[in-house]
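Structure, as structure tokens:
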Amino acid sequence: MNINLNIDHLLLEGISINPHQRAELKATVESALSRYLSSQGTDPCLLSDVSRSTVRGGTIDIKESSNPSVIGQQIAEVIYKGIKG
């Protein structure tokens, strides 16, 4: 099964991430979401040709000391929860 996921815009309020960290954050979100989807699956209704304009998974607490990998993992988790329903 192939799943195509396109995230056009990711809004991070109240956090400053430099360009180098953005690349790491993006890579972490992509790889963590891939792991979630391949190991835990998704809602059967998403197996059809479905498009969603928004997925709301919730909020996360970001500590000042959090690195992009930790933040990316947290983001992937809430996105997955939003996809899973």
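Listing for the model above:
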read-out: Estimated inter-spin distance, V70 and S38, nm [label 7 Å along Cα→Cβ]; value: 2.6
read-out: Burial ranking of peptide ranges 20-31, 67-78 (average Cβ count within 10 Å, highest at the top); value: 67-78, 20-31
read-out: Added length on full extension, which subtracts the Cα-Cα distance from 0.36 nm per residue, L5 to V55; value: 16.8 nm
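Readers should treat all values here as calculations from the given coordinates under stated rules, not as data from a laboratory. As the structure is a prediction and not an experimental result, all values here were calculated from the model. Neighbour counts run over all protein chains shown; Cβ positions are idealised from the backbone, glycine included.
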